[in-house]
1. For W73, all conditions in the list (1) within 12 Å of the ligand (Cβ to nearest atom); (2) open to solvent by less than 60 Å² (accessible area, probe 1.4 Å); (3) more than 20 Å from I3 (Cβ to Cβ); (4) hydrophobic (A, V, I, L, M, F, W, C) hold save one; what is the number of the exception?
2. So, in the range 243-297, exactly how many residues are among the aliphatic types (A, V, I, L, M) and within 24 Å of I205 (Cα to Cα)?
3. With S108, S127 as the choices, which residue is away from the ligand (no atom under 16 Å from the Cβ) and either closer than 17 Å to S267 by Cβ or not in a helix (DSSP H, G or I) (or both)?
4. I'd like the full set of residues that are assigned to a loop (DSSP other than H, G, I, E, B) and away from the ligand (no atom under 16 Å from the Cβ), limited to the range 140-162.
5. Cβ-Cβ below 6 Å, separation at least six or inter-chain, first residue in the range 163-191 and within 12 Å of the ligand (Cβ to nearest atom), second open to solvent by less than 50 Å² (accessible area, probe 1.4 Å) and small (G, A, S): which pairs?
6. Taking the range 1-29, which residues are closer than 20 Å to I283 by Cβ and of a type in the set (G, A, S)?
7. Restricting attention to the range 13-63, which residues are away from the ligand (no atom under 12 Å from the Cβ) and small (G, A, S)?
Amino acid sequence: MNILITGSSGLIGTALKESLISMGHTVFPMQRSESCIEPFYWQPSENIIKFDESIQIDTVIHLAGANIAGGRWNDKRKKIILDSRVIGTNLLVNALAKLQNKPKVLISGSAIGFYGDTGDGWVDESSNPGTGFLSNVCQRWEKATEPASEAGIRTVHMRIGVVLSLLGGALKKMLLPFKLGLGGIVGNGSQYMSWVSIDDITSMIQFIIENETINGAVNLVSKNPITNKAFTKTLGSVLSRPTVFPLPAFAARMVFGEMADSLLLSSTRVFPKKLSEAGYKYINDDLEKTIKSLLSK
Ligand SMILES: NC(=O)c1ccc[n+]([C@@H]2O[C@H](COP(=O)([O-])OP(=O)(O)OC[C@H]3O[C@@H](n4cnc5c(N)ncnc54)[C@H](OP(=O)(O)O)[C@@H]3O)[C@@H](O)[C@H]2O)c1
């Protein structure tokens, strides 16, 4: 199968490319460039996109977007985060919709931030969107794919949870302070974190490609969201380190600004209803085993 990936150089894209190639697929990265000799390239900020129509693409996986945790959320940064997703998605899907031979499926990025702060209550794909900047980004990001579904392309919105990998993302950032014995709960520690291992992310995407009945929003999370307190205890215990240095909410807000509320202090307890109903089998659904397996690689 020929698979086109945007954002292929990122944390998920890098792991996904490797895994799809090992399954025998041919992967084409959508390169970000204005003048590129590659068959597929784009420059979303310049509204430039080029498809080599002599190559029949079966699946498009759209991961591109400016890193959410890549800097303090001032107005400029928020615009970059939003525009890179909404303008980029518009550009991509309008090009896909015009192709003579359209791909069968578009698997497009979104995040569990869609649900906002949901406290202790479970949410699934049928739950309403929340409020706040991240939820607004996710809603507009998902809506931007409409031209693809209108053109008859099966369209899936991956509502991705906190991806655990040692190569990037939240766990990598936490590892050094925890290893130094400086880890601790954030805020009061009661907020839920809906996590997923990087191995499951790549396997879930393959499952979605193969299961043609899966459509619309899909939660890519483990079945076991965990409170920040329990996560802290588990990571400290796997690393055999104390976790006695809490980061109070006011300090998190001072250091990270608005990002602290959305990424560190808000609680989202997400259930992967669609994947469970479709029979997806987890590689790793237990936090302690997942962290141990990542550290052993
Ligand atoms: N990792 C997580 O925990 C997590 C959780 C929820 C949702 N997600 C979403 O899933 C997607 C992939 O996640 P990831 O962790 O792999 O992200 P990532 O490591 O930040 O990679 C995103 C990729 O997007 C491209 N990109 C960066 N800035 C861009 C811009 N301004 N305009 C267009 N493209 C840009 C880059 O790829 P190229 O240089 O190859 O173009 C980059 O490698 C993201 O959209 C992210 O928001 C991730």
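The values are calculated or read from the model by the stated rules, or taken from the named source; none is laboratory data. Just so it is clear, the model here is predicted, and its values are computed rather than measured. Counting neighbours? That spans all protein chains shown, and the Cβs are built from the backbone with ideal geometry, glycine included. Remember, those area values only see protein heavy atoms, side chains included, never the ligands or the DNA or RNA. Shrake-Rupley method; radii C 1.70, N 1.55, O 1.52, S 1.80 Å.
1. Just one mismatch for W73, condition (1).
2. Kept after step one, since they are among the aliphatic types (A, V, I, L, M), are these residues of the range 243-297: 244, 247, 249, 251-252, 254-255, 259-260, 263-265, 270, 275, 278, 283, 287, 291, 294-295.
Remaining after also requiring within 24 Å of I205 (Cα to Cα): 263, 270, 275, 278, 283, 287, 291, 294-295.
Within the range 243-297, residues that are among the aliphatic types (A, V, I, L, M) and within 24 Å of I205 (Cα to Cα) number 9.
3. On the way: S108 fails: away from the ligand (no atom under 16 Å from the Cβ).
Every option except S127 fails the conditions.
4. Our first condition is that a residue be assigned to a loop (DSSP other than H, G, I, E, B); within the range 140-162, this holds for 144-145, 151-153, 161.
Result: A151, G152, I153.
5. V163/G169; L164/S197
6. G13, A15, S19, S22, G24 - these are the residues of the range 1-29 that are closer than 20 Å to I283 by Cβ and of a type in the set (G, A, S).
7. If the condition is that a residue be away from the ligand (no atom under 12 Å from the Cβ) and small (G, A, S), then S19, S22, G24, S35, S54 are the ones that fit.
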